[in-house]
Amino acid sequence: MARNSNQKPLDKIFDDFLSGPKIFKNREVMRATYIPEDLPHRETQITEIGRKLLPILEGGSTSNIFLYGKTGTGKTAVALYVLKKIVAKCSEIGVDIPLREVINCKDIDTDYRIFAQLAGAVGVDVPFTGWPTDKVFKIFKEKLDEKRQTIIIVLDEIDQLVKKSSMKGPQKVLYLLTRINSDLRNANVCIIGISNDLKFKEYLDPRVLSSLSEEELVFPPYQATELQDILRQRAEIGFHDGVIDSGTIEITAALAAREHGDARRAIDLLRVAGELAERESATKVTQNHVRRAQTLIEHDTISAALRTLPIHSKLVLYSIYLLEKDGNTEIYTGDVYTAYSQLCTEIKYDILTQRRVSDLINELDMLGIITAHVISKGRYGRTKKIRVSIPKTILTSILEEDTAIQKLKNYSLELKKEAS
């Protein structure tokens, strides 16, 4: 069909998309948040969690459960899958259905907001701010205990809550929630904590640790062959028949397996590859699309991480960049702190302590933006050998968007190389 010469560019894009080859049958299936009817290679974990929650089927109380494992090992998906099945079974046998409240502690990280969300789960409308926190908790507890019922509280990414807290803040939330059952006459509370950090409990206050009474379950990373099964399952219901080219599933699984068996990354990688094929009006999702999708995802992930860094983390990172730019091949914590102090002085920012800067270096290391290896200096103690682990062009282009960093764009360090 002949096209109108006066057709607007967006109209052409829309028409090409609507008339082009169809890649996705159900795009939402290719989101990591989608919970399928079957979770391959997590039968053991599903069974274990199900057994731990069996008392709910008789209206009884259960132990708290903590799920550990790296990102993308299926912890949240399995927890939500089991809760869905518990609800269905309770409905089938005529038992009171438990309340369920999922809180992502990376997003909701204050005691007030956590208790406000829980109060909302039992039917109490709490203002966004303004009430004393103790009042919010008291209202939640009293409303919950008005009748015989169970609430299952899923605290996803609970390590994010604990690491930046104290007994005056979010750890107080855990302390109160883990002890709440002793104050309830009718209701029961079960906590399912989900953590990406196997050392999560090391951050807990001893008073919280003593009241947990938890059962633990560790989720191992997926192997490449297991990731292939997961991707084939998603592709079968998410893509139209025949659009996945030979070898595409295998290369996607292999690339994701390098990232510690991350199923979430594998699914996102195949989805983005499909979107690239769709934009090009291609009839197949190929290995080339997957490799390009990997580059695109990595760039977007790094950019988002850099843009959301606090200013002092940006200054620490920029210090490391400037040290490398000056030709320093061995950079230690002391060098970074000296450079960081100069940058703060130059733009008139308060200088953090060396211990706090060391913490910021650790956080940058955890994000994968730098690598910081601990080495021994003999009788001089230990230090970290540091280098930037992302492309310098991405680092500078994103950091220099910040007005404070812009002022340092042409700054030259005045620094003697230090041993530690």
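The values are calculated or read from the model by the stated rules, or taken from the named source; none is laboratory data. Everything numeric in this text was worked out from a predicted model, so none of it was measured. Here Cβ is always computed from backbone atoms with ideal geometry, including for glycine, and neighbour counts include all displayed protein chains.
Among the residues of the stretch 124-146, write down those that are crowded, with 19+ Cβ neighbours inside 10 Å and in a helix (DSSP H, G or I).
136, 137, 140, 141, 144, listed by residue number.
Sort out which residues of the stretch 208-255 are within 25 Å of residue 66 (Cα to Cα) and crowded, with 23+ Cβ neighbours inside 10 Å, and write them in order of number.
The answer is 222, 227, 230.
Does the stretch 286-298 include one or more residues that are among the charged types (D, E, K, R), without any contact (Cβ under 8 Å) to a residue 12 or more places away in the chain and farther than 16 Å from residue 227 by Cβ?
Yes, the conditions are met somewhere in the stretch 286-298.
Restricting to the stretch 303-343, name every residue that is of a type in the set (A, V, I, L, M, F, W, C), surrounded by fewer than 19 Cβ atoms within 10 Å (Cβ to Cβ) and out of contact with any Phe, Trp or Tyr (no Cβ under 9 Å at 6 or more places or on another chain).
304, 305
Might you check whether a residue that is modelled with pLDDT under 95, closer than 19 Å to residue 217 by Cβ and within 24 Å of the chain's Cα centre (by Cα) occurs anywhere in the stretch 108-117?
No - not one qualifying residue is present in the stretch 108-117.
Within the stretch 157-175, is there a residue that is modelled with pLDDT of 90 or more and surrounded by fewer than 18 Cβ atoms within 10 Å (Cβ to Cβ)?
No, every residue in the stretch 157-175 fails to be modelled with pLDDT of 90 or more and surrounded by fewer than 18 Cβ atoms within 10 Å (Cβ to Cβ).
Inspect all residues belonging to the stretch 296-314 and state whether any of them is in contact with a His (Cβ under 7 Å, 6 or more places away or on another chain), of a type in the set (A, V, I, L, M, F, W, C) and assigned to a helix (DSSP H, G or I).
There is no residue in the stretch 296-314 that is in contact with a His (Cβ under 7 Å, 6 or more places away or on another chain), of a type in the set (A, V, I, L, M, F, W, C) and assigned to a helix (DSSP H, G or I).
Give the stretch 57-96 a look and list any residue that's more than 29 Å from the chain's Cα centre (by Cα) and among the aliphatic types (A, V, I, L, M), or say none.
Those that are more than 29 Å from the chain's Cα centre (by Cα) and among the aliphatic types (A, V, I, L, M): 57, 93, 95.
Mind checking which residues of the stretch 92-123 are out of contact with any Asp or Glu (no Cβ under 9 Å at 6 or more places or on another chain) and assigned to a loop (DSSP other than H, G, I, E, B)?
Result: 94, 96, 97, 98, 108, 109, 110, 123.
If I filter the stretch 39-56 down to residues being among the β-branched types (Val, Ile, Thr) and over 22 Å from the mean Cα position of the chain (by Cα), which single residue comes out as modelled with the lowest pLDDT?
Selected residue: 56.
Failed condition for residue 198, given (1) surrounded by 15 or more Cβ atoms within 10 Å (Cβ to Cβ); (2) of a type in the set (A, V, I, L, M); (3) within 23 Å of the chain's Cα centre (by Cα); (4) outside any strand (DSSP E or B), with all others met?
(1)
What are the residues in the stretch 197-226 that are touching a strand residue (DSSP E or B) at 6+ places or on another chain (Cβ under 8 Å), at pLDDT 85 or above and of a type outside the set (D, E, K, R), if any?
Of everything in the stretch 197-226, those that are touching a strand residue (DSSP E or B) at 6+ places or on another chain (Cβ under 8 Å), at pLDDT 85 or above and of a type outside the set (D, E, K, R) turn out to be 217, 218, 219.
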